[in-house]
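**Student:** Sharing a structure, written as structure tokens. Questions coming.
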Amino acid sequence: MEWVKSTDQSITIKDSSRTCHFFRFPRNKSLDLIFCQSIYHSNHIVNNDFKYYAIYDNRTCELHDIKYNLAHCLGIKNNKNYSENCKEGYGKDYVEKVQEKLNILINNDINNTLVKSDEEIRNKNWNMREIEYIREHRADNDVRQYFLAGNVPSDIVFNACYTISEWTYDLFIEYLMDEEASVNKGVENMLEKKADDIYKQFVENAIIREDLAKLIAEADEGNELYIARNIINAIKPLDIKTVKVTINMNDKELTFKTDANQYTYYSGNKYWGYNVASADRVAYAKMFGNINNDYLPSNIVRITHGKKVLYENVKLAN
């Protein structure tokens with residue numbers, strides 16, 4: 001580590017198989033780029049390409065985006081693990097900071113001056129068509145998933161969705177040079193280029209909150225979503241692969257072994273009869289007419305694992 005802290009422009013390090021020549025080149029007044037050229041002893045082959053190995057920050061005496069060979073050869077230990085220290089790790093950190101600042105600035109307020117007004121959006125027909133599409137199609141699925149997760153309307157708040165098309169080394173260098181300025185630039189870019197998306201999220205959230213409130217008010221123990229949520233809560237926390245399920249369809253009852261994972265979520269459709277274990281498929285097809293005759297959450301009498309009852313529909317069980 002002493003070399004990177006020094007003013008020396010290069011260092012040569014030998015091991016049993018090769019000689020490594022490390023060089024540093026200034027990227028700007030604060031950052032140096034470190035490259036390496038290797039000579040392998042067995043055949044004296046020189047790798048003429050200078051391979052990039054790290055960025056050194058002269059202000060903090062820290063190495064960023066360290067490649068394994070440099071760390072190994074120089075005996076460098078870094079406080080961050082590789083996934084955090086690499087270029088991509090900093091890119092993830094940058095995106096999270098931009099999103100966090102956007103959330104603070106917008107403050108879940110549709111009347112915030114940073115959010116485009118309703119009139120501005122309505123002047124763009126394609127935006128209104130997309131809002132109608134949200135209302136007719138996407139909201140149903142989102143409402144269902146929020147309900148199954150146990151969310152209430154007040155949980156549905158603005159959450160910035162910031163992405164970058166490419167995390168280039170120029171952006172990476174900007175972030176290392178001045179984190180705050182780089183994040184502010186990302187925020188300004190989002191507010192300028194994604195203002196319509198910000199407004200539409202508010203519209204979508206309002207639709208979801210309204211529909212979720214209605215669903216919660218209407219839900220009872222006989223509602224398929226209500227039953228599915230109870231099943232999810234019973235199975236999802238467990239690390240199990242298979243369960244035994246007893247179902248009742250058309251006053252016919254059958255117990256069979258099946259995959260447990262299908263009960264950790266619910267898409268609003270039926271559970272597949274095809275997931276029944278092969279040993280029980282003949283009995284299933286014989287009783288219910290076909291292996292593809294699927295069943296609803298309300299058809300499930302109980303779910304067990306070993307001798308333990310994980311879920312039971314009291315009305316069907318009695």
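**Student:** Mind jotting down the distance between the C-alpha centroids of the stretch 249-290 and the stretch 186-243, whole Å?
**Tutor:** What the calculation gives is 27 Å, centre to centre.
**Student:** Between Ile164 and Thr242, what is the label-point separation in nm under the 7 Å Cα-to-beta-carbon projection?
**Tutor:** In this crude spin-label approximation the distance works out to 4.8 nm.
**Student:** Would you please give the FRET efficiency between Asn293 and Ala217, computed as 1/(1 + (r/R0)^6) with r the Cβ-Cβ distance and R0 = 35 Å, to the nearest 0.05?
**Tutor:** Calculated transfer efficiency: 0.60.
**Student:** Any idea what the relative contact order of the stretch 156-304 is, in percent, if you count C-alpha pairs under 8 Å spaced at least 6 apart?
**Tutor:** Reported relative contact order: 20 percent.
**Student:** Loop only per DSSP, at most 10 neighbouring Cβ atoms within 10 Å: give me the trypsin sites (Lys or Arg not before Pro) in the stretch 197-258, ordered by residue number.
**Tutor:** For trypsin sites (Lys or Arg not before Pro) across the stretch 197-258 that sit outside H, G, I, E and B with at most 10 neighbouring Cβ atoms in 10 Å, the list reads Lys241.
**Student:** Mind checking the angle between helix 87-106 and the chain's longest principal axis? C-alpha axes, 0 to 90 degrees, to the nearest 10.
**Tutor:** For helix 87-106, the angle is close to 60 degrees.
**Student:** Let me ask something additional. Most mobile of Gly306, Gly150, Gly268 per a Gaussian network model of the chain (Cα springs, under 10 Å)?
**Tutor:** Looking only at Gly306, Gly150, Gly268, the largest GNM fluctuation is found for Gly306.
**Student:** For the chain, what is the relative contact order in percent, using Cα pairs closer than 8 Å and at least 6 residues apart in sequence?
**Tutor:** Over the chain, the number comes to 11 percent.
**Student:** What number do you get for the stretch 87-218 when its Cα radius of gyration is normalised by 2.2 N^0.38 Å, N = residues?
**Tutor:** Its radius of gyration relative to the 2.2 N^0.38 Å reference: 1.20.
**Student:** Here is a further query. Taking amide hydrogens as modeled 1.01 Å from N in the peptide plane, which residues meet the under 5 Å criterion relative to Glu62, leaving out close sequence neighbours?
**Tutor:** The answer is Asp57.
**Student:** First measure r as the distance between the Cβ atoms of Lys252 and Gln145, then evaluate 1/(1 + (r/R0)^6) with R0 = 30 Å and state the FRET efficiency to the nearest 0.05.
**Tutor:** Rounded to the nearest 0.05, the efficiency is 0.40.
**Student:** At 4 °C and a viscosity of 1.567 mPa s, what translational diffusion coefficient does Stokes-Einstein give for the chain, taking Rh as the Kirkwood radius over Cα pairs? Give it in µm²/s as a whole number.
**Tutor:** 51 µm²/s
**Student:** Taking 41 Å as R0, compute the FRET efficiency from the Cβ-Cβ separation of Arg59 and Ile13 and round it to 0.05.
**Tutor:** 0.95
**Student:** Just want to confirm a number: the relative contact order over the stretch 225-317, from Cα pairs under 8 angstrom separated by 6+ residues, in percent.
**Tutor:** The value is 31 percent.
**Student:** Between Ala206 and Lys185, 0.36 nm times their residue separation minus their Cα-Cα distance comes to what?
**Tutor:** Working: separation 21, 0.36 × 21 = 7.56 nm, distance 2.91 nm.
Length gained, Ala206 through Lys185: 4.7 nm.
**Student:** Let me ask something additional. Counting only the backbone N, which residues of the stretch 146-165 are under 15 Å from the spot 7 Å out from the Cα of Asn103 toward its beta-carbon?
**Tutor:** Label zone hits: 155-163.
**Student:** Would you mind finding the longest exposed-site-free stretch of the chain, with exposed GluC sites (Glu not before Pro) meaning DSSP loop and at most 14 other Cβ atoms within 10 Å?
**Tutor:** Values: sites that count: Glu166, Glu221.
The answer is 1-165.
**Student:** Would you mind checking the tilt of helix 224-235 against the longest principal axis of the Cα atoms of the chain, expressed as 0 to 90 degrees and rounded to 10?
**Tutor:** Between helix and principal axis, roughly 60 degrees.
**Student:** I've got another one for you. Where is the GNM fluctuation largest for the chain (alpha-carbon springs, 10 angstrom cutoff): Gly273, Gly186, Gly289?
**Tutor:** Evaluated over the chain, the most mobile residue of the options is Gly289.
**Student:** Would you mind checking Lys241/Lys315; Lys236/Lys257; Lys97/Lys200; Lys29/Lys101; Lys51/Lys92; Lys194/Lys214 for any pair whose Cα atoms are more than 19 angstrom apart?
**Tutor:** Check vs 19 Å cut-off fails for Lys241/Lys315; Lys97/Lys200; Lys29/Lys101; Lys51/Lys92; Lys194/Lys214.
No lab work stands behind these numbers, since they all come straight from the coordinates. Just so it is clear, the structure is predicted and the values come from calculations on it, not from any experiment. All Cβ positions, glycine included, derive from the backbone under ideal geometry; neighbour counts span all protein chains shown.
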